[in-house]
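To start, the structure itself, in structure tokens.
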Amino acid sequence: MGYEILGLPLIYYITMVAKTVAVFVFVLLTVAYATWAERKLIGHMQVRIGPKRVGPYGLLQPIADGLKLFFKEEIVPAQASRFAFLIAPLVALVPAFISFAVIPFGDTVTIAGYQVPLQIASVYDGTSMRVLDINVGVLYILAMASVGVYGIVLAGWASNSKYSLLGGLRSSAQMISYELAAGLAIILVFMSSETLSLHKIVAEQAGLFGWNIFRNPFMFAGGIIFFICSLAEINRTPFDLPEAETELVSGFCTEYSSMKYAMFFMAEYANMVTVCAVTTTLFLGGWHGPFPPVVNFVAKVYGLIFVCMWIRATYPRYRYDQLMRLGWKVFLPATLLLICGNAVWLLVFP
Amino acid sequence: MATTETMTVNMGPQHPSTHGVLRLVIELDGEIIRKITPHIGYLHRGVEKISEHRTYHQTIPLTDRLDYLAPMSNNLGYVLAVEKLLGIEVPERAQTIRVIMAELTRIKSHLVWIACHALDIGAMTVFLYAFREREKIMDIYEKISGARMTSNYFRVGGLSKEPYAGFERDVQEIIDTFPGHFDTYEGLLTENTIWKQRTIGNGVISAEDAVDYGITGPALRGSGVDWDLRRDNPYSGYENYAFQVPTGTNCDTYDRYKVRMVELRESVKIVKQALDALKPGPILADDPQVCYPPKESVYNTIEGLIHHFKIASEGFPVPEGEVYQGIEAPKGELGYYLVSDGGTKPYRMRIRPPSFVNLGAIEKMAKGAMIADLVAVIGTLDIVLGEIDR
């Protein structure tokens, strides 16, 4: 037994801080460069060049954008509800980042005799030299995703602007409808994995055909539905109604400027990274694959981010009622059916 | 008991999808539109009034700025009206080049339409593809007239100058490559589920209503009315070309989309036929009272110099009378009504812009729909504020 603080080994604190810093830096960099990658990628898909002035290949563009927004004037509309207006960007941004606390980047590693999972949120099992991941990871992610909605709804409501209000309304309706279908799709994973711990869910998916999405046809459909619903939940094309530029100017963030706008912008991309990471964890075998675990995980996440951008370059936008219909009348019954089908499958092929 | 009230939203004049400075005051019940009141006039420049103080030639550059996405069509309608009043015959070569340029203009205008329409509905990529192709036509514009948009190329009696060397090669390249590009757009949109969901059943206007509202152009044909001035009231030699006039059946945005996509291909066919029929010859009518003499004649002969001076300084007199000339512009029937009192300036010029009349039906088409539908309707009407406000 090594040195202990408050009954917990020192290694617990050290790894905790190290993991937090590493993941935060990773997510922050990914978010910054997702904006660059999106502009560059969509640029090339649309026979443009994309950013190229700031740094080689425009690589410093995210920093330049950040600086620019930082120096812009802070505007709070006179009619806005000041407190809610100021807090909304934070409410949108923070949940997007802290979802990452439970996502496993790799398998457990042994450090100084302790087994430590590569996942921020973890608890020390006092007897067996092991640090365990928390066992409600999926629920935590669902909870955080729901909190993020409030940021946008508050922003829309507090701006006291008509376009913002419409954007906020759209957003709340949209996120609630798609959360249900996404949640039901996750139940498919629970049925197979029989655990809520993300670490264990991934640990079970060894080998290509061990990935949850390839387990059976129902899981395959469920995985795709989950990803589509996730896109809807984070307002990505073709579900980017809350900020549909051609309809609502900028939707909920019409009245926002400067860093408050930057926060919404970061939240959007952080959400995209989170959703891709969650999809990877739940359906695409997390860290499993031919490369070192962390590399596998990151590669899969980046692959999904690429898909998000590709979709954006290809598809038009849904209309509000069509989007609701898709959520309630197509995805919800479909996931319920998939759950039944999956149950039968698990009984027949245990 | 709780009461509800409608919300009045001011859409425009600065709004991303009002295609310029259109202002729509809309009454919303949630996202449902209860009432639309278009407010126009933000781009009013008084073209009709200014033209009363300018010679007939000096008005041509003003017409460039009506529908600035289709300048040569505007030029064409105007010069045809003046020529009708003068009763002069335009040489065949000039007519053929006019047809080529007018059809290229139609393609150019429709390319902007598909670009903006798709962008409004959220399909970003088509926008840039269409603008890439439009640039090819802009290049021809620039080479032939010196300007990318404000062409000012046609003259009363013919053309301002002979097309540049290599004009035929450039046009041939467009004939060869554009149908493939149209396939690309259609590949992205025509069978796209979301595109179909957004456009089918959107902005429905029946054939009777469309006629009652005076809608013309692709918007009218999308409602199933088989009417195209190029075929039904030919001008500038359109009777010599074989082309289809597509019509829709469901009167909705999707049908109007398909009508315009067919029109794009038909325009390419017309350009091809016209290019094949293009023969050397004069490009200005042989009427020294109206048409500028050739430069050699201005520099070397006293008659040429006098004619040039007279036309440039005071214009040419036009016989007393009035005339209406309508043409099938990309957006619908573009009409010029000219009244002459026998002088060198029109007594009155009235322009019938297709966008203005088509815009009148917007409430009919979008009432009871959602904001997103209104944006699609603005796109499908293909309006340009330059000619609405004049």
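Assorted remarks:
- From the options A:VAL47, A:VAL54, residue that is without any contact (Cβ under 8 Å) to a residue 40 or more places away in the chain and either under 17 Å from A:TRP310 (Cβ atoms) or assigned to a helix (DSSP H, G or I) (or both): A:VAL47
- If the condition is being free of Cβ contacts under 8 Å to residues at least 40 places away in the same chain and either part of a strand (DSSP E or B) or among the aliphatic types (A, V, I, L, M) (or both), then segment A:4-27 contributes A:GLU4, A:ILE5, A:LEU6, A:LEU10, A:ILE14, A:VAL17, A:ALA18, A:VAL21, A:ALA22, A:VAL25.
- Residues of segment A:207-222 that turn out to be open to solvent by less than 60 Å² (accessible area, probe 1.4 Å) and not in a helix (DSSP H, G or I), as a count: 3
- Summed over segment A:185-206, the residues that are part of a helix (DSSP H, G or I), within 25 Å of A:GLY148 (Cβ to Cβ) and open to solvent by 30 Å² or more (accessible area, probe 1.4 Å) give a count of 2.
- Selection over segment B:129-152 of residues that are of a type in the set (A, V, I, L, M) and surrounded by fewer than 18 Cβ atoms within 10 Å (Cβ to Cβ) gives a count of 3.
- Segment B:222-238, residues that are touching a Lys or Arg at 6+ places or on another chain (Cβ under 8 Å) and not in a loop (DSSP other than H, G, I, E, B): B:GLY222, B:TYR238
- Helices (runs of 4 or more DSSP H) within segment A:230-348 that include 3 or more residues out of contact with any Cys (no Cβ under 6 Å at 6 or more places or on another chain) and within 26 Å of A:THR195 (Cβ to Cβ): A:258-283, A:293-314, A:332-348
- Failed condition for B:GLY304, given (1) out of contact with any Phe, Trp or Tyr (no Cβ under 8 Å at 6 or more places or on another chain); (2) over 30 Å from A:PRO316 (Cα atoms); (3) at pLDDT 90 or above: (3)
- The set of residues from segment B:125-166 being touching a Phe, Trp or Tyr at 6+ places or on another chain (Cβ under 9 Å) and of a type in the set (Phe, Trp, Tyr) comprises B:TYR129, B:TYR141, B:TYR153, B:PHE154.
- Within segment B:60-82, tally of residues that are more than 18 Å from B:HIS44 (Cβ to Cβ), open to solvent by less than 10 Å² (accessible area, probe 1.4 Å) and not in a loop (DSSP other than H, G, I, E, B): 11
- Selection count where residues are within 14 Å of another protein chain (Cβ to nearest Cβ) and in contact with a Leu (Cβ under 6 Å, 6 or more places away or on another chain), scope segment A:3-46: 1
- Filter result for the condition that a residue is farther than 30 Å from B:MET349 by Cα, in contact with a helix residue (DSSP H, G or I) (Cβ under 6 Å, 6 or more places away or on another chain) and surrounded by 24 or more Cβ atoms within 10 Å (Cβ to Cβ), over B:HIS110, B:HIS117: B:HIS117
Residues are listed down the side, and each one gets a yes or a no for (1) within 14 Å of chain A (Cβ to nearest Cβ); (2) of a type in the set (Asp, Glu); (3) open to solvent by 20 Å² or more (accessible area, probe 1.4 Å):
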| position | (1), (2), (3) |
| --- | --- |
| B:GLY157 | no, no, no |
| B:SER160 | no, no, yes |
| B:PHE182 | no, no, no |
| B:LEU189 | yes, no, no |
| B:ARG198 | yes, no, no |
| B:GLU208 | no, yes, yes |
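- Residue pairs meeting the criteria (Cβ under 7 Å; at least 6 apart or on separate chains; first within 19 Å of B:LEU69 (Cβ to Cβ) and surrounded by fewer than 24 Cβ atoms within 10 Å (Cβ to Cβ), in segment B:354-374; second modelled with pLDDT of 85 or more and acidic (Asp, Glu)): B:PHE356/B:GLU387
- Filtering B:VAL318, B:VAL339 for residues that are crowded, with 24+ Cβ neighbours inside 10 Å, modelled with pLDDT of 85 or more and more than 30 Å from B:TRP113 (Cβ to Cβ) leaves a single hit, B:VAL318.
- Residues of segment A:203-233 that turn out to be under 18 Å from A:VAL273 (Cα atoms) and of a type outside the set (S, T, N, Q), as a count: 10
- Listed here are the helices (runs of 4 or more DSSP H) enclosed by segment B:302-390 that have at least 3 residues being in contact with a helix residue (DSSP H, G or I) (Cβ under 9 Å, 6 or more places away or on another chain) and within 14 Å of chain A (Cβ to nearest Cβ): B:371-381.
The values are calculated or read from the model by the stated rules, or taken from the named source; none is laboratory data. Fair warning: this is a prediction, and the values are worked out from it, not measured in the lab. Positions of Cβ are backbone-derived with ideal geometry, glycine not excepted, and every protein chain shown enters the neighbour counts. Accessible surface is based on the protein model in full, side chains and every heavy atom, while ligands, DNA and RNA are left aside. Shrake-Rupley method; radii C 1.70, N 1.55, O 1.52, S 1.80 Å.
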